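The values are calculated or read from the model by the stated rules, or taken from the named source; none is laboratory data. Everything numeric here is computed off the predicted structure, so don't read it as measured data. Glycine gets a Cβ as well: all are built from the backbone with ideal geometry, and neighbour counts include every protein chain shown. What goes into the accessible areas is simple: the full protein's heavy atoms, side chains included, and nothing from ligands, DNA or RNA. Shrake-Rupley method; radii C 1.70, N 1.55, O 1.52, S 1.80 Å.
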Amino acid sequence: MSRNLLAGLALAATLAAGFAGSATAQDPAKLNDLEIAHAAYVAGDIDIRNAHLALALSDDPKVREFAELMIRDHEAVNQAALALLHKLKAEPQDNAFSQALLKGAHDTWAKMVKLSGHEFDKSYAANELSYHQTVNHVVGDAFIPNVENAELKTLLGSALDTFKAHELHAAEIVKEVGS
Amino acid sequence: MTQVTTRGAGSGWWSRRRILGALSLAAFVRPARAEGATVEMQQLKFAPAEIEIPMGGTVTFVNLDLVPHTATGEDFDTGTLRKEERKEIAFPAAGEFTYLCKFHRHMTGRVIVR
């Protein structure tokens, strides 16, 4: 098994550990609507910050283009979520799941910031793929079936369409930057 | 060139039926009006992905997604369309015009102008 693959698996494991830890602290299927809104926003914000890290550290045009796409799309989704919450006069609720997401992200950033060049590109691509796989699983199988507000459910459904496209795109980037 | 006249108009049921018949025939013979052509950007797809319009017609692209899109071809570009924004593009010449969203390159479509 190559070092690159091991690095990718380690990143995926770190992310998965974040989700697993949160599942112990708070099952994502048991969050209320305002906690789901908070967790979805945090998940999007984490990927925006991943992308800013990539723009700071990568010179690969494909990686940079993907990062710019993540910033553009996740900012748009998060703005739509905030607009909906404003309309509903609701405040998102912080929760153990959101906190576990952030903890996992900080751990990932601490490792990725030490990388550069091609090693960084491979790690970023692998992390984006595993992150979107995990987030899409949580949004599709835990958040959408359990959210009660119809407008939030619709927004999450539309967001999931976008995130699934990101997952496919990330898989292409992983192939392009090599393993 | 055929012109619509007002002879007999408003003189009763028979005249109205003839006028309606003439209008129906005209609609059948003439191509669909260009301003009716709309392509929606939704669920990260162009719908319909392929559309046929008459020469000189227009297509209005409208973004129904949360995220920004473009419809970008060699000969035209809507620019960035955010949620619920739209842009009308004129197609003065015949041909087939393929395009994509420059942000989401798997999103592709085609306008056929006859």
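Points to keep in mind about this one:
- Acute angle (nearest 10 degrees) that the helix A:33-57 long axis makes with the longest principal axis of chain A, alpha-carbon atoms: 20 degrees
- Taking Cα atoms only, the orientation of helix A:61-88 departs from the longest principal axis of chain A by about 10 degrees.
- Low-density loop cleavage sites - GluC sites (Glu not before Pro) in region A:62-154, where at most 12 other Cβ are within 10 Å (DSSP): A:GLU148
- Take every pair of alpha-carbon atoms less than 8 Å apart whose residues are at least six positions apart; their mean separation over the length of region B:36-113 yields a relative contact order of 33 percent.
- On a per residue basis, region B:36-113 carries 49 Å² of accessible surface, using protein heavy atoms and a 1.4 Å probe.
- C-alpha long axis of helix A:150-177 to longest principal axis of chain A, angle in °: 0 degrees
- Computed over chain A with a Gaussian network model linking Cα atoms closer than 10 Å, the most mobile of A:ALA37, A:ALA100, A:ALA76 is A:ALA76.
- Protein heavy-atom accessible area occluded, A/B pair - total, 1.4 Å probe, Å²: 1000 Å²
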